[in-house]
């Protein structure tokens with residue numbers, strides 16, 4: 001096999017960490033949203049809106065951080081939009097999420113055409129530079145894989161324990177879990193169910209916007225139509241088989257990062273497998289993971305918040 | 001008697017139609033705001049859109065050409081949704097149908113008459129799409145894996161598979177944009193308005209299917225079983241219905257119908273397979289099905305409506321400079337209006353105003 005040596009493995013795994021980052025952002029946000037009892041299937045659309053607004057802002061003002069901020073803000077707006085429909089109008093959350101996705105898909109490409117009409121060359125930005133973590137980046141294997149990335153990648157991983165802490169150790173987190181499990185009981189304890197849910201969905205939107213903005217700003221350097229390629233939906237799948245636990249979600253994201261990285265890398269190396277088969281890997285792996293998860297729990301909704309996707313109406 | 005009949009007609013026909021009209025109007029107004037923001041006169045933009053869709057005999061034919069896959073995928077979505085399954089995999093099933101049509105259409109059929117060949121290929125395509133939809137159907141029915149997630153993931157797999165086919169085993173040698181050779185003439189679908197117009201027989205097949213599905217929904221045992229399963233598994237089991245079987249049937253038939261849309265594109269429109277055989281017709285199908293509130297006959301109307309938008313969008317982009325993606329935005333907005341109005345209707349119902 002000579003072709004695949006240590007250097008190649010390290011390249012693939014390092015790329016996996018980078019590819020996993022937006023998935024981590026989005027699934028962390030979706031965990032918060034779903035813990036409160038609301039399903040947001042529209043994160044794919046929010047990601048695309050985060051990507052275009054992040055890219056446009058970063059390009060126009062030549063400021064990457066401002067771009068990330070724009071992505072987060074647009075994520076908040078779209079999250080609030082979803083929250084308003086699902087929580088206050090009590091619409092079907094599945095269909096509302098799909099609507100949000102389709103809206104984001106169209107709106108992001110529309111804005112790109114308007115903002116960059118007349119450009120003959122695809123506009124590009126220079127992405128965040130890599131920062132080698134002092135000392136840690138010298139550890140063999142671990143160093144080059146985990147500690148030689150741009151600041152956003154570190155931020156994404158850093159957010160994992162924070163979100164875990166937020167959900168499990170803070171008053172706000174416990175309220176989120178309460179309204180997601182037993183909204184009626186929470187209500188009798190004086191918790192404002194709709195308010196908590198609204199904020200949870202908005203926070204989820206912010207994360208999805210950040211995850212979307214990461215792709216042009218932290219990785220690719222340009223915007224392409226439908227550039228998320230289903231990653232929002234993969235993030236939702238990760239949430240399911242990580243059993244709504246941020247710590248497991250990272251592992252899921254890394255698994256899919258590895259699948260994608262292998263696909264692209266083998267394609268570059270000219271390994272004799274149709275590149276389409278390799279590109280299909282993450283999607284097939286997602287299905288396999290969902291199947292395995294449901295097999296292990298015999299089809300029960302193991303770990304799902306008790307009132308997920310059930311609107312609450314105060315009597 | 002006549003009073004209750006009047007009430008029935010009003011409730012089942014005119015009120016839904018009114019809601020539909022409001023949804024469309026709302027989406028158009030929101031679209032007009034966007035056009036204004038771009039700095040174009042919305043009336044001018046919409047006028048150029050209408051002209052693009054109806055301006056000539058060729059334009060009308062092209063508009064109907066676009067209605068065909070949207071109608072078929074819309075019916076596919078409605079069939080699965082009768083059992084409350086959201087088949088988001090219609091786009092992938094369309095691609096698999098297109099691939100199957102290309103495979104089958106490249107066979108030599110000897111002396112068989114065209115009618116029989118088209119029927120055979122249609123059957124094969126339907127089976128291919130049905131088998132592909134069996135994956136999400138089976139996983140949902142037996143393991144309770146979300147058919148939404150699996151369907152979506154399989155869309156990407158199907159698109160990559162078609163891309164592999166046209167770059168690999170089915171590639172027409174030396175084609176610049178990778179494509180398959182033309183399928184056999186007997187397997188091609190008839191162009192009804194003559195060779196210069198791409199309007200083909202599958203539009204009529206779609207209309208026929210809409211009527212057939214309407215009958216299945218409201219007049220057959222299967223339709224009843226689908227509906228009961230859709231109302232809730234517990235109730236269905238109580239009624240002695242084998243829930244997993246009905247769920248699988250719903251998905252397989254849905255996938256088969258969606259696959260026919262792929263045959264329409266390969267056999268009627270292009271005559272060959274290419275990687276981008278569909279610009280998201282499956283997602284339009286989803287929107288038109290919800291817009292028609294899953295009524296098969298209503299889907300004929302709503303798919304025609306969206307085909308007008310699609311058919312005129314390029315003219316609008318060329319003449320007034322509003323990007324075609326406006327149509328995708330209207331697509332999303334229409335859905336929001338549909339779900340939003342549904343919630344408003346529930347509120348009115350509660351207050352016994354409707």
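Listed values, structure above:
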{"quantity": "Nearest-0.05 FRET efficiency for residue A:264 and residue B:108, computed from C-beta distance (R0 51 Å)", "calculated": "0.80"}
{"quantity": "Gaussian network model of chain A, springs between alpha carbon atoms under 10 Å - residue of A:83, A:237, A:210 with greatest fluctuation", "calculated": "A:237"}
{"quantity": "Measure of compaction for the range B:15-348 (Cα Rg per 2.2 N^0.38 Å)", "calculated": "1.00"}
{"quantity": "Pair residue A:310, residue B:347: separation of 7 Å Cα→Cβ label points (nm)", "calculated": "2.4"}
{"quantity": "Cα extents of the range B:117-163 along the three principal axes, largest first (Å)", "calculated": "38, 26, 11"}
{"quantity": "Between the range B:102-117 and the range A:34-98, the alpha-carbon center distance in angstrom", "calculated": "50"}
{"quantity": "Cα gyration tensor, the range A:12-125 - rounded (a/c under 1.5), prolate or oblate", "calculated": "oblate"}
{"quantity": "Principal-axis tilt of helix A:231-241 within chain A, Cα atoms, nearest 10 degrees", "calculated": "60"}
{"quantity": "Chain A: angle of helix A:171-181 to the longest principal axis, Cα-based, in degrees nearest 10", "calculated": "70"}
{"quantity": "Order of A:30, B:147, B:7 under a 10 Å beta carbon neighbour criterion, fewest first", "calculated": "B:7, B:147, A:30"}
{"quantity": "GNM result for chain A, Cα springs below 10 Å: residue of A:16, A:80, A:285 fluctuating most strongly", "calculated": "A:285"}
{"quantity": "Residues A:187, A:62 arranged by fewest to most Cβ contacts within 10 Å", "calculated": "A:62, A:187"}
{"quantity": "Label-point separation, residue B:28 to residue A:245 (7 Å along Cα→Cβ), nm", "calculated": "5.4"}
{"quantity": "Fewest-first sequence of A:60, A:94 by Cβ atoms within 10 Å of each Cβ", "calculated": "A:60, A:94"}
{"quantity": "Under 17 Å from the residue A:170 label point (7 Å along Cα→beta-carbon), backbone N, the range A:201-239", "calculated": "A:201-208"}
{"quantity": "Equivalent ellipsoid, the range A:195-265 (semi-axes from 5 times Cα gyration tensor eigenvalues, Å)", "calculated": "23, 18, 9"}
{"quantity": "Using a Förster distance of 25 Å, the FRET efficiency for residue B:171-residue B:59 (Cβ separation, nearest 0.05)", "calculated": "0.15"}
{"quantity": "Mean separation of Cα contacts under 8 Å (6+ apart) over length of the range B:238-341, as relative contact order %", "calculated": "18"}
{"quantity": "Estimated D of the range B:210-253 in µm² per second, where Rh is the Kirkwood radius over Cα pairs and Stokes-Einstein applies at 25 °C, 0.890 mPa s", "calculated": "233"}
{"quantity": "Calculated [θ] (222 nm, deg cm²/dmol) that DSSP helices of n ≥ 4 give over the protein assembly as shown, each run adding -39,500 (n - 2.57)", "calculated": "-23500 deg cm²/dmol"}
{"quantity": "Spin-label pair residue B:242/residue A:11, simplified geometry with 7 Å Cα→Cβ offset, distance in nm", "calculated": "5.4"}
{"quantity": "Highest-MSF residue in chain B out of B:198, B:234, B:293 [GNM, Cα springs under 10 Å]", "calculated": "B:234"}
{"quantity": "Contour excess over end-to-end distance, with Cα ends at residue A:222 and residue A:60 and 0.36 nm allotted per residue", "calculated": "57.0 nm"}
{"quantity": "Rg/Rg_globular for the protein assembly as shown, with Rg_globular taken as 2.2 N^0.38 Å and Rg from C-alpha atoms", "calculated": "0.96"}
{"quantity": "Angle in degrees between helix A:246-269 and the longest Cα principal axis of chain A, rounded to the nearest 10", "calculated": "30"}
{"quantity": "Mean shadow area of chain A, taken as a quarter of the surface of its Cα convex hull (nm²)", "calculated": "18.0"}
{"quantity": "Sites residue B:6 and residue A:116 - FRET efficiency at Förster radius 51 Å, r taken between beta-carbons, to 0.05", "calculated": "0.35"}
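Quick note: the coordinates plus some simple rules give every number you see, no bench work behind them. For clarity, every value in this text was computed on a predicted model and none was experimentally measured. Every residue, glycine among them, receives a Cβ derived from its backbone with ideal geometry; neighbour counts consider all protein chains shown.
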